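*Asks:* The structure that follows is given in the form of structure tokens.
The values are calculated or read from the model by the stated rules, or taken from the named source; none is laboratory data. Please read these numbers as outputs of a predicted model, since none were measured by experiment. Glycine gets a Cβ as well: all are built from the backbone with ideal geometry, and neighbour counts include every protein chain shown.
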């Protein structure tokens, strides 16, 4: 029997004896079934092909994991950026409604600096404002809230109610816009 002091704590002394009594590694059944002159080159080629397939499967798995990780990152980033847009809107409204007189001038300068910092932070994250003024209406980027008579051609954006943003060609929020109905026809030319 083995010396009990030679074992580490948590080890089973009987397990070491069992391991010592195990049979040597056996030859796989497919090789036993072959004739005594086994073609080891064929076996090696088969194992190599299995290894190549396994490696390709692993590479595909790794690429799929990377894609999924990027998709999750994009979803989280878009969610966080979308949650910040109402804060941007509030700052923009505060800036537009603030008087420019002497008493509110320092407040106005502070809000302008905050807006500038906010715009720079969005820009660093790859967020762009969607262009609207004078552009043709595009349902991918714009949401028409109102149609108004205008001298501009039909479908031209004449005003922006809420700024839209995109991130990596993904719309975070569509621009809410007023769209031209086109020039109105003079009253005397109706048929």
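*Asks:* Return the pairs, sorted by first residue and then second, in which the second residue is at pLDDT 75 or above and not in a helix (DSSP H, G or I), the first residue lies in the range 174-191 and is exposed (fewer than 12 other Cβ atoms within 10 Å of the Cβ), the beta carbons are less than 8 Å apart, and the residues are 6+ apart or on different chains.
*Replies:* Pairs that qualify, where the first residue is exposed (fewer than 12 other Cβ atoms within 10 Å of the Cβ) and the partner is at pLDDT 75 or above and not in a helix (DSSP H, G or I), are 184/149.
*Asks:* Follow-up. Starting from the range 112-140, take each residue that is free of Cβ contacts under 8 Å to residues at least 24 places away in the same chain and list its partners that are part of a loop (DSSP other than H, G, I, E, B), counting only C-beta distances under 6 angstrom and pairs at least six apart or across chains.
*Replies:* 136/155
*Asks:* Restrict the check to the range 149-167 and report whether at least one residue is outside the structural domain of residue 85 (by TED's automatic domain parsing), in contact with a helix residue (DSSP H, G or I) (Cβ under 8 Å, 6 or more places away or on another chain), more than 21 Å from residue 92 (Cα to Cα) and not in a loop (DSSP other than H, G, I, E, B).
*Replies:* Taking the range 149-167 first, the residues outside the structural domain of residue 85 (by TED's automatic domain parsing) are 149-167.
Filter again for in contact with a helix residue (DSSP H, G or I) (Cβ under 8 Å, 6 or more places away or on another chain), leaving 162-163, 165, 167.
Adding the requirement that they be more than 21 Å from residue 92 (Cα to Cα) leaves none.
No, the range 149-167 contains no residue that is outside the structural domain of residue 85 (by TED's automatic domain parsing), in contact with a helix residue (DSSP H, G or I) (Cβ under 8 Å, 6 or more places away or on another chain), more than 21 Å from residue 92 (Cα to Cα) and not in a loop (DSSP other than H, G, I, E, B).
*Asks:* Say we look at the range 93-113 and pick out the residues that are out of contact with any helix residue (DSSP H, G or I) (no Cβ under 7 Å at 6 or more places or on another chain) and outside any helix (DSSP H, G or I); which of these is farthest from residue 81 (Cα to Cα)?
*Replies:* Across the range 93-113, the extreme among qualifying residues is 101.
Yes/no matrix, rows are residues, columns are (1) in contact with a helix residue (DSSP H, G or I) (Cβ under 6 Å, 6 or more places away or on another chain); (2) within 30 Å of residue 176 (Cβ to Cβ); (3) modelled with pLDDT under 90:
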| position | (1), (2), (3) |
| --- | --- |
| 32 | no, no, yes |
| 36 | no, no, yes |
| 50 | no, no, no |
| 57 | no, no, no |
| 69 | no, no, no |
| 76 | no, yes, no |
| 115 | yes, yes, no |
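*Asks:* Quick one: count up the residues across the range 65-111 that are over 21 Å from residue 160 (Cβ atoms), within 17 Å of the chain's Cα centre (by Cα) and in contact (Cβ under 8 Å) with a residue 12 or more places away in the chain.
*Replies:* Looking only at the range 65-111, we keep the residues that are over 21 Å from residue 160 (Cβ atoms), and these are 65-80, 83, 99-110.
Within this subset, residues satisfying the condition of being within 17 Å of the chain's Cα centre (by Cα) are 65-80, 83.
With the extra rule that they be in contact (Cβ under 8 Å) with a residue 12 or more places away in the chain, the set shrinks to 74, 77-78.
Here the count works out to 3.
*Asks:* Could you run through the range 164-173 and say how many residues are closer than 11 Å to residue 142 by Cβ and surrounded by fewer than 18 Cβ atoms within 10 Å (Cβ to Cβ)?
*Replies:* Result for the range 164-173: 1.
*Asks:* Could you tell me whether residue 134 is in contact with a strand residue (DSSP E or B) (Cβ under 9 Å, 6 or more places away or on another chain) and either exposed (fewer than 10 other Cβ atoms within 10 Å of the Cβ) or at pLDDT below 90 (or both)? So that I can check it myself, show each step before the final result.
*Replies:* On the way: in contact with a strand residue (DSSP E or B) (Cβ under 9 Å, 6 or more places away or on another chain): yes; either exposed (fewer than 10 other Cβ atoms within 10 Å of the Cβ) or at pLDDT below 90 (or both): yes.
Answer is yes for this residue.
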